[in-house]
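Engineer: Quick one: structure below, then a few questions.
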Amino acid sequence: MNSTLQKYLPERAAQPCFELIQEFGVHLKIVNHRVTRHGDYRKMPNGGHQITVNASLNQYRFLITLIHEIAHLVAFERYGRRIKPHGIEWKRTFQHLMIPFIRPEIFPSQLLPILANHFKNPKASSSTDARLSIALKTFDPKQEEGKSYVFELPAGSTFRLYNGKLFQKGKKRIKRYECIELATGKVYLFQPNAEVELIK
């Protein structure tokens with residue numbers, strides 16, 4: 001398992017992650033890319049703990065996702081199953097588990113202040129923190145040709161989502177953009193870092 005982890009994690013993070021996996025009895029599955037999630041945690045019918053993480057993630061997002069899911073396991077075991085999945089107990093657990101990794105031996109220096117800010121109050125997904133998500137994406141393999149972020153598009157432009165649906169970019173609310181689905185006229189809110197294909 002440790003040698004497998006070394007393929008997906010920053011070098012200095014593999015051993016401490018392996019120790020966490022052993023300590024909490026995690027069955028880790030590294031799975032094909034899923035558009036809607038980076039990872040998930042499930043308690044199995046036999047009482048075991050299964051965590052899945054997408055193989056397509058860069059090493060820094062993989063690490064954050066793995067610790068995010070381990071934090072679910074630990075928070076549920078420590079505080080009971082009735083807590084909110086991303087409530088205060090999970091946030092505290094995630095912060096506590098992540099702190100040992102936020103070091104220059106593990107993360108590049110340009111990510112450290114962004115991570116420190118994110119972990120003051122971690123979000124349900126690193127993708128909902130636009131600044132962190134965009135910073136992490138710079139370590140992805142080259143962005144697909146023709147892909148843009150919603151925040152880069154001109155107002156009123158038309159774009160296509162990964163599922164083929166067409167939208168028109170509208171005005172910005174506090175953090176997200178109102179976009180109209182052309183087929184239905186419904187308004188959806190998009191994160192500024194959503195990756196889309198500009199049509200016109």
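Engineer: Among all residue pairs at least 6 apart or on different chains, which show Cβ distances below 6 Å where the first residue, located in segment 61-77, is free of Cβ contacts under 8 Å to residues at least 40 places away in the same chain and the second is buried (at least 23 other Cβ atoms within 10 Å of the Cβ) and of a type in the set (Gly, Ala, Ser)?
Structural biologist: Qualifying pairs under 6 Å: Glu69/Gly39.
Engineer: Failed condition for Ala116, given (1) under 30 Å from Leu73 (Cβ atoms); (2) among the aliphatic types (A, V, I, L, M); (3) modelled with pLDDT of 90 or more; (4) surrounded by 14 or more Cβ atoms within 10 Å (Cβ to Cβ), with all others met?
Structural biologist: (4)
Engineer: I'm trying to understand the selection: among the residues of segment 92-119, which are under 16 Å from the mean Cα position of the chain (by Cα), under 12 Å from Leu132 (Cβ atoms) and polar (S, T, N, Q)?
Structural biologist: Result: Asn117, single match.
Engineer: Please tell me if Gln50 is closer than 27 Å to Ala135 by Cβ, over 13 Å from the mean Cα position of the chain (by Cα) and of a type in the set (S, T, N, Q).
Structural biologist: Spelling it out, it is not the case that Gln50 is closer than 27 Å to Ala135 by Cβ, over 13 Å from the mean Cα position of the chain (by Cα) and of a type in the set (S, T, N, Q).
Engineer: A further question follows. Is there a residue being in the same structural domain as Phe119 (by TED's automatic domain parsing) and more than 19 Å from Ala124 (Cα to Cα) anywhere in segment 82-98?
Structural biologist: No, the conditions are met nowhere in segment 82-98.
The values are calculated or read from the model by the stated rules, or taken from the named source; none is laboratory data. This is a predicted model, so every value here is computed, not measured. Positions of Cβ are backbone-derived with ideal geometry, glycine not excepted, and every protein chain shown enters the neighbour counts.
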